[in-house]
Amino acid sequence: MKKKFQQLIHWCKIQIKDFSPGKTAFRGAALGVLILTGLLWLLFASGEVNNIREGWVLLLFAGFVLVALLVAYLTRWLLRWLGSTNKAYQLALFISIPLLIIMSFEWMVPVALAIMGSLLGAAIWVLKKTGFKTLTPKQKVVTLLGLVIGLGGLIATVIFYSQVGFKVDPLLNAAKETNTLVEGIKAPSPSQKGTYPVKTLTYGSGKDRHRPEFGSEVSMVTDSVNGLPFIDDWDGFGGWWRETYWGFDSKALPLNARVWYPEGEGPFPLALIVHGNHSMQDYSDVGYSYLGELLASKGIILASVDENFINGSWSNIFGGLSKENDARGWLLLEHLRQFHEWNSNKGNPFYQKIDTSNLALIGHSRGGEAVAHAAMFNTLPYYPDDASVRFDYNYAIQSIVAIAPVDGQYQPGDSRTSIENVDYFVIHGAQDADVRSFMGSQQYERVAFTDSLYHFKSGVYVYGANHGQFNTSWGNNDTGNPFTGLLNLKQLLSNDDQLEIAKVYIGAFLDITLKNRKEYLPLFLDARKGKDWLPETIYLSQFEDSTLDPIANFDEDLDVTTTTWNLGKITSKNLTVWREQEIQLKWQKKGSRALFLGWDYDFEDEEQTMASVPDSLIASYTINLPSIPIDSTGVLVLSMAESKEKSNPKASGKWVEDIKNEDTEEEGEENKEDDAKEDDEDQEEKNEEDKDEPKEPLDMTIQLKDSLGQKITFPLSTFSPLQRTIEVVINKTGFITDDKESEKVYQTFYFPFEELQTTHPNFDFTRIETLRFVFDKNENGVISIDNLGIMQKL
């Protein structure tokens, strides 16, 4: 048998050799491809010269040919060098590097490990097989050098990996840099457990193969639902494995959940919470018991919905589910349908226990996007991507909570989900290593209030919070990579602190929206109102309610001199930056336009202060308002963020005039070089000095003038100075490459007229004629303003 197999192999080799092209054929092939390419290149170059009508362009195309030749020879040399190396080492590299890339986050780690492993292995093997004494002096040096570099690098890598993380540049908490005393809310902490005894149960198919709580030990059995219209790609090997593991396909999705509910007469408000994407075999629904215990004790039923069966799996490498977030949202509505049925069925534990007029949805990660889809589907008669699928829900969903959500994974009709007349709260962590951009702020922009009832929306950005610690089964590793030591966890909040933040905000939000506890509203405008409840960190809060009358939201047109209020006009003085544009987040556009303003007084030395700047040079931005009566009990509000860009973009580049006189030009070039060296040295010294010196927050003066000409001025810091941009380093390698991540996160500023009236009793707030921002507090800066308007006092 063995002999026949060898004969077969020999015959195959002969056939391959007979059909393989020889040297002559390869030379002809090389000549053919070069001639064809050369002719096409000549035609292409001639055509371009004819279009551009400049003969010198031929030199440019000749240069391209030279570059191609150089790259070709370098590539051939590299391949020859690789081919000349030991075959065992070639094989080792081809095996190791792809595996190292899979195991790490960035190219730097696998390259460094490959070099260290190569040097250390070579040195040890030479010493073992050859011996140190038999080596030539040069070989001894090389061997010792390889040993030191390889072993030293490996030890340094282990130390680097074992560190929790490293300190980033210090950052001042702007909210604490104000003389204004902020009183806390006089109410119990929303994270404090209530008086109701808490009971638990599970409901599900009763057929779960892996979890008895949804299988043989389930408390209540539910029917499966057909999710085929909403799920794509449940097919191929990935679909086969998913069905093999779970025992069902997309036509028979189970309704599984864990429920925490108060023991009492009721009826009680109901909230559903749904996890996001994670390994489907590492069950995510168990991670919200901390909210279940809290909410149930306060008289709110919480069901943690199981959607693990549409999560990711190792089989995704052969093709997995995609854009399934519509299914996640639709499943929530099917769970609500089930609760409505139970509420009407005698003998069921939830019979007449559910207040179906007060419902809320909570979602984390992809679940955070899905709750918005559910709120939209709830009001629609048909599925927007297939009108043969009829909807008939219309449940009383009062509010939704999005925890570190994604946005746009599913796009109804190739657009983004918009919702109306539902209270919305989104919370996101600056240290999120999974969803690294504040994507929930995009959905925030697409929540509108159009009816006559009171509604509000709020976004909170938390310094030090990550993605996973909002779910107790996910933890501090947001990446799914088991090598947690690659992450920088130095800036991470403790697990307990992050859970406490979630309990405070989510508890307060549901108390407001489901139980009408309006005393907690100020927390969503200003985290300092909850200073007795919240762990110490930086919180950036954005807030808007249905009473807002926008003076300027900068979405109305491309004319920078107009306002959202008709007849309003805008002017400016001495600004170095003035434009309105779409807000760019780290990953995508926010879906809203904003105002960008910059100023730069270019201090000549460190001794100079703002007091030395003449009034005539002070930058300002003025809005002349139309004669519209304003509620004197109202509040001036605006959202603002720092923009990390040059404060004086016209000091360089195309804006700097060339010196035409040749003599002056030569002298100027020398002076420029000297000045540039001095500037670089000064900047390096300044950077070294400033490394441990956090930048002071931005401040400015706000000036109002009424129709009688009376003026009132107050600093932005009356509420709070503007927080400097939060920069984080997610991966430890970011400290080597200086890779700091940041994005524009807006915070709302709030100035009640009644409080301003106490120091300016004669000012007529009903007839404000002019609103002016005066940049007289900092040497330079660029800020972005959005949603400037008047709202009612909370």
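The values are calculated or read from the model by the stated rules, or taken from the named source; none is laboratory data. Since the structure is predicted, the reported quantities are computational estimates derived from the model, not experimental observations. Don't worry about glycine lacking a Cβ; one is built from the backbone with ideal geometry, like all the others, and counts go over all protein chains shown. Heavy atoms of the whole protein, side chains included, go into the accessibility calculation; ligands, DNA and RNA do not. Shrake-Rupley method; radii C 1.70, N 1.55, O 1.52, S 1.80 Å.
Mind listing just one residue for me: the one in the stretch 507-542 that is of a type in the set (D, E) and crowded, with 20+ Cβ neighbours inside 10 Å and, of those, farthest from V401 (Cα to Cα)? Residue satisfying both the conditions and the ranking: D526. In summary, L708 fulfils each of the numbered conditions (1) surrounded by fewer than 17 Cβ atoms within 10 Å (Cβ to Cβ); (2) in a strand (DSSP E or B) with the single exception of condition (2). Looking only at the stretch 392-406, residues that are out of contact with any Lys or Arg (no Cβ under 6 Å at 6 or more places or on another chain) and open to solvent by 10 Å² or more (accessible area, probe 1.4 Å) come to 7 in all.
Selection of first residues in the stretch 187-206 that are closer than 13 Å to G292 by Cβ and of second residues that are modelled with pLDDT of 95 or more and among the β-branched types (V, I, T), restricted to Cβ pairs under 8 Å at least 6 apart or on distinct chains, gives the following pairs, ordered by first then second residue: T200/V259; L201/V259; T202/V218; T202/V259. For the residues P522, P550, the requirement of being under 31 Å from the mean Cα position of the chain (by Cα), within 29 Å of H455 (Cβ to Cβ) and at pLDDT below 95 singles out P550. The requirement of being open to solvent by less than 40 Å² (accessible area, probe 1.4 Å) and in contact (Cβ under 8 Å) with a residue 24 or more places away in the chain is satisfied by F714. Of all the criteria given as (1) surrounded by fewer than 21 Cβ atoms within 10 Å (Cβ to Cβ); (2) out of contact with any Ser or Thr (no Cβ under 8 Å at 6 or more places or on another chain), the one not satisfied by F377 is (1).
Scoring F44 on the criteria (1) open to solvent by less than 100 Å² (accessible area, probe 1.4 Å); (2) in contact with a helix residue (DSSP H, G or I) (Cβ under 9 Å, 6 or more places away or on another chain) leaves a single failure, condition (1). Which members of the stretch 61-82 meet the condition of being open to solvent by less than 70 Å² (accessible area, probe 1.4 Å) and under 20 Å from L40 (Cβ atoms)? Of everything in the stretch 61-82, those that are open to solvent by less than 70 Å² (accessible area, probe 1.4 Å) and under 20 Å from L40 (Cβ atoms) turn out to be F61, A62, G63, V65, A68, A72. Tell me, please, whether a residue that is modelled with pLDDT of 95 or more, under 30 Å from T561 (Cα atoms) and of a type in the set (K, R) can be found in the stretch 754-772. Yes, the conditions are met somewhere in the stretch 754-772.
Residue pairs whose Cβ atoms lie under 6 Å apart, separated by 6 or more positions or on different chains, with the first residue in the stretch 393-409 and of a type in the set (G, A, S) and the second in a strand (DSSP E or B), are A396/S357; A396/L359; S399/A360; S399/D423; A402/G363; A402/V426; A404/H428. K586 meets all of the listed conditions (1) at pLDDT 95 or above; (2) open to solvent by 40 Å² or more (accessible area, probe 1.4 Å) but one, namely (1).
For the stretch 527-567, which residues satisfy the criterion of being part of a loop (DSSP other than H, G, I, E, B) and in contact with a strand residue (DSSP E or B) (Cβ under 6 Å, 6 or more places away or on another chain)? Scanning the stretch 527-567 gives T547, L548, N553, F554, D555, V560, T561, T563, T564, W565. The residues in the stretch 376-411 that are farther than 23 Å from L228 by Cβ and among the charged types (D, E, K, R) can be counted, and the count is 1. Residues that are more than 16 Å from the chain's Cα centre (by Cα) and part of a loop (DSSP other than H, G, I, E, B) were ranked within the stretch 722-739; the one that is modelled with the lowest pLDDT is D738.
The residues in the stretch 43-95 that are assigned to a helix (DSSP H, G or I) and of a type in the set (D, E, K, R) can be counted, and the count is 4. For the stretch 218-256, a residue qualifies if it is part of a helix (DSSP H, G or I) and among the small types (G, A, S), and the qualifying residues are G236, G238, G239.
Out of T766, T770, one residue alone is surrounded by fewer than 17 Cβ atoms within 10 Å (Cβ to Cβ) and part of a helix (DSSP H, G or I). It is T766.
Just one of (1) open to solvent by less than 30 Å² (accessible area, probe 1.4 Å); (2) over 22 Å from the mean Cα position of the chain (by Cα) fails for T417. It is (2). Could you list, in sequence order, the residues of the stretch 279-320 that are out of contact with any Gly (no Cβ under 7 Å at 6 or more places or on another chain), open to solvent by 10 Å² or more (accessible area, probe 1.4 Å) and closer than 26 Å to I231 by Cβ? Answer for the stretch 279-320, where residues must be out of contact with any Gly (no Cβ under 7 Å at 6 or more places or on another chain), open to solvent by 10 Å² or more (accessible area, probe 1.4 Å) and closer than 26 Å to I231 by Cβ: Q281, D282, Y283, V286, W314, I317.
Residue by residue, here is whether (1) outside any strand (DSSP E or B); (2) closer than 17 Å to T513 by Cα holds:
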position: F425; (1), (2): no, yes
position: S452; (1), (2): yes, yes
position: K457; (1), (2): no, yes
position: N466; (1), (2): yes, no
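Report whether or not K167 is touching a residue at least 12 places away in the same chain (Cβ under 8 Å), of a type in the set (K, R) and outside any strand (DSSP E or B). Yes. Scanning the stretch 124-134 for residues that are touching a Leu at 6+ places or on another chain (Cβ under 9 Å) and either farther than 19 Å from L151 by Cβ or modelled with pLDDT of 85 or more (or both) returns a single hit, I124. Among the residues of the stretch 478-498, is there at least one that is open to solvent by less than 40 Å² (accessible area, probe 1.4 Å), more than 22 Å from S279 (Cβ to Cβ) and either of a type in the set (V, I, T) or free of Cβ contacts under 8 Å to residues at least 40 places away in the same chain (or both)? No, every residue in the stretch 478-498 fails to be open to solvent by less than 40 Å² (accessible area, probe 1.4 Å), more than 22 Å from S279 (Cβ to Cβ) and either of a type in the set (V, I, T) or free of Cβ contacts under 8 Å to residues at least 40 places away in the same chain (or both). Is one or more of the residues making up the stretch 189-209 within 31 Å of the chain's Cα centre (by Cα), more than 23 Å from E341 (Cβ to Cβ) and surrounded by fewer than 16 Cβ atoms within 10 Å (Cβ to Cβ)? Yes, the stretch 189-209 contains a residue that is within 31 Å of the chain's Cα centre (by Cα), more than 23 Å from E341 (Cβ to Cβ) and surrounded by fewer than 16 Cβ atoms within 10 Å (Cβ to Cβ). Listed by first and then second residue, the pairs with beta-carbon distance under 9 Å, at least 6 apart or on different chains, first residue in the stretch 369-390 and free of Cβ contacts under 8 Å to residues at least 12 places away in the same chain and over 19 Å from N358 (Cα atoms), second open to solvent by less than 50 Å² (accessible area, probe 1.4 Å) and assigned to a strand (DSSP E or B), are Y382/V389; R390/Y383. Within the stretch 143-164, the only residue that satisfies the criterion of being free of Cβ contacts under 8 Å to residues at least 24 places away in the same chain and surrounded by 15 or more Cβ atoms within 10 Å (Cβ to Cβ) is T143.
Pairing each residue of the stretch 543-568 that is open to solvent by 30 Å² or more (accessible area, probe 1.4 Å) with any residue that is of a type in the set (F, W, Y), provided the two are 6+ apart or on different chains, yields C-beta distances under 6 Å for S546/F449; S546/Y454.
Just one of (1) in a strand (DSSP E or B); (2) surrounded by 16 or more Cβ atoms within 10 Å (Cβ to Cβ) fails for V389. It is (2).
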